[in-house]
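Taking it in order: structure first as structure tokens, then the write-up.
The values are calculated or read from the model by the stated rules, or taken from the named source; none is laboratory data. All values derive from a computational prediction rather than experimental measurement. Neighbour counts are summed over all protein chains in view; Cβ atoms, including those assigned to glycine, are modelled from backbone coordinates with ideal geometry.
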Amino acid sequence: MNILGISAGYHDAAATVISSRGDIVFAAHAERYSKKKNDADINLGLIRDACDQNFDVDHIAYYETPWKKQLRQWYSGQGIEWNKLTTQQVLKQQLRGWFSYTPYSCHSHHLSHAAGGFQTSPYDRATVVVIDAIGEWDTISIWGAEYDKRGQARYRRLWSQRYPHSLGLFYSAITQRVGLHPLDEEYITMGMSAYGDDHYNHVMESVLIRDPYEIEFGQNLHTGVTDDFMGGLSNEDIAASAQRLLERLIGNVMRRARDFGWSTNLVYQGGVALNCLANRTLGEYFDNIWIMPCPGDAGSSLGAAALAYGKRLHWHNAYLGHNISGPYPVGDLVRSLLDTGIVGVASGKAEFGPRALGNRSLLADPRGKEIKDRVNEIKRRQKFRPFAPVVLAELAGNYFDMPSGWHTHDYMQSIARCRSPDLYPAICHVDGTSRVQTVAKDGSGIRQLLEAWYAKTGCPMLLNTSLNIRGEPMVNDRADADRFETRYNVKVYS
């Protein structure tokens, strides 16, 4: 079957198309087409791109079970949306008759997360950990995953925690407490934590946590955190203490997962898997680590399609979205970087996931002391927020203390300590770390650019951040790139 996977109706809607041969031929976020950040709904532009693959969709796979989710929402006081009780109702609302007669299936929220990770991983057998805010009821789940003799993916649930006990909801509540937007700006909370003192984390644990090993909270943090006990603390200290506590609790989950003895290969999914600061310690628990580049709910559009397909998918890279055709503009980018130090690129297929990886990127020379402030000014972001380096893979170890256990560092999923922060100030956070993206000898456009830049300057890396207008998603098409150029007076090459 050719399968269309759908994640929609809550936040960050997405669609994935998998061919009958197991190729991931398309995957993209609805927000890139509607220009509405974290758009919960599917739109026609996304569907047109998803279906422009020269074959018919034979089956639709939805990423969660609607009636279970509605039951949990009723339990939590959110009420029941009667028009979302069945998969058919949800798909009718989201797809608006575009696939009226196409067969469909629905799948468990956490199992969709698990499948999106395992069936794109290089492993035949793996321990899968899913940690997010909430699925239907699950908030944490541990799975034993393997392929049977026929190549079918099989999943055995080893342990789970349920609503309202949620690490994701805890971190979202803290995000709200420090004045940011929950379910959106948790990554800013993570960056803010480096500026604070984490000494209050044990008090935070004693007040909020009933059982740190079972991950049981003493109060429901779905509506926020009661913060009387945090009086007098700065937002930075709150963020630092919450980050430290989160890391300790994630460690408890990983230790439990390891102790099942299922596999020393870890597949890690769910929105909490985007916390790259916490991810630096995963190698303490597992020998090999894989996080699919879009581990949150949008990635479960791929996960649901993977479950419907049933077997290993052919994963090559995260460039799966809207295509801006033409050769990667290496020469123009190098000339512009040498001239101005900052340039944009919108070329090839857009990245699937929240992080720009070179096809929809704002790039800069990492060596200048003023570069970080200039890029933050262009993007209208808080000055404390860090930037990531993209570096030639074979040279990364010369510049960064890379964490152990990772299958790949291609997707900016963990931090590493920079060995020469004074030489590369634009890509170092205040704590001396960098969220490193490495690029192997894969012939990609960003690889060719790094090679050309290295040949010209002797510097094997660039600052890499997402190409987007403040308040909007990443640039998707050439019209978006033109608007970026006009607003920020930064050349964007395609």
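Filtering region 148-174 to residues that are of a type in the set (D, E, K, R) and either touching a residue at least 12 places away in the same chain (Cβ under 8 Å) or not in a strand (DSSP E or B) (or both) leaves Asp148, Lys149, Arg150, Arg156, Arg157, Arg162.
For Ile134, are the conditions met, namely being assigned to a strand (DSSP E or B) and within 13 Å of Gly270 (Cβ to Cβ)? The answer is no for Ile134.
Taking Trp143, is it of a type in the set (Phe, Trp, Tyr), in contact with a His (Cβ under 9 Å, 6 or more places away or on another chain) and either outside the structural domain of Leu44 (by TED's automatic domain parsing) or assigned to a helix (DSSP H, G or I) (or both)? Taking the combined requirement at face value, the residue satisfies it. The set of residues from region 321-341 being in a strand (DSSP E or B) and out of contact with any Ser or Thr (no Cβ under 8 Å at 6 or more places or on another chain) comprises Gly321, His322, Asn323. For the criterion of being in contact with a Pro (Cβ under 7 Å, 6 or more places away or on another chain), modelled with pLDDT of 95 or more and at negative phi, Ser166 fails. The set of residues in region 431-467 that are over 21 Å from Asp410 (Cβ atoms) and out of contact with any Pro (no Cβ under 8 Å at 6 or more places or on another chain) comprises Asp431, Ala455, Lys456, Thr457, Gly458. Residues of region 74-115 that are surrounded by 17 or more Cβ atoms within 10 Å (Cβ to Cβ), among the polar types (S, T, N, Q) and outside any helix (DSSP H, G or I): Ser108 alone.
Counted as qualifying within region 399-494 are the strands (runs of 3 or more DSSP E) with 1 or more residues that are free of Cβ contacts under 8 Å to residues at least 60 places away in the same chain and out of contact with any helix residue (DSSP H, G or I) (no Cβ under 9 Å at 6 or more places or on another chain), namely 415-418.
Here Leu71 meets each of (1) part of a helix (DSSP H, G or I); (2) buried (at least 21 other Cβ atoms within 10 Å of the Cβ); (3) among the aliphatic types (A, V, I, L, M) with one exception, condition (2). Checked against the criteria, Trp315 counts as surrounded by 18 or more Cβ atoms within 10 Å (Cβ to Cβ), farther than 28 Å from Gln382 by Cα and under 21 Å from the mean Cα position of the chain (by Cα).
Can you spot a residue in region 375-387 that is free of Cβ contacts under 8 Å to residues at least 24 places away in the same chain, in a helix (DSSP H, G or I) and surrounded by fewer than 20 Cβ atoms within 10 Å (Cβ to Cβ)? So far as region 375-387 goes, yes, one or more of its residues are free of Cβ contacts under 8 Å to residues at least 24 places away in the same chain, in a helix (DSSP H, G or I) and surrounded by fewer than 20 Cβ atoms within 10 Å (Cβ to Cβ).
A residue that is touching a Cys at 6+ places or on another chain (Cβ under 6 Å) and within 14 Å of Thr465 (Cα to Cα) can be found somewhere in region 338-360.
Quick check, is Ala257 under 19 Å from Asp124 (Cα atoms), in a helix (DSSP H, G or I), in contact (Cβ under 8 Å) with a residue 12 or more places away in the chain and touching a Ser or Thr at 6+ places or on another chain (Cβ under 9 Å)? When the stated conditions are applied, Ala257 passes them.
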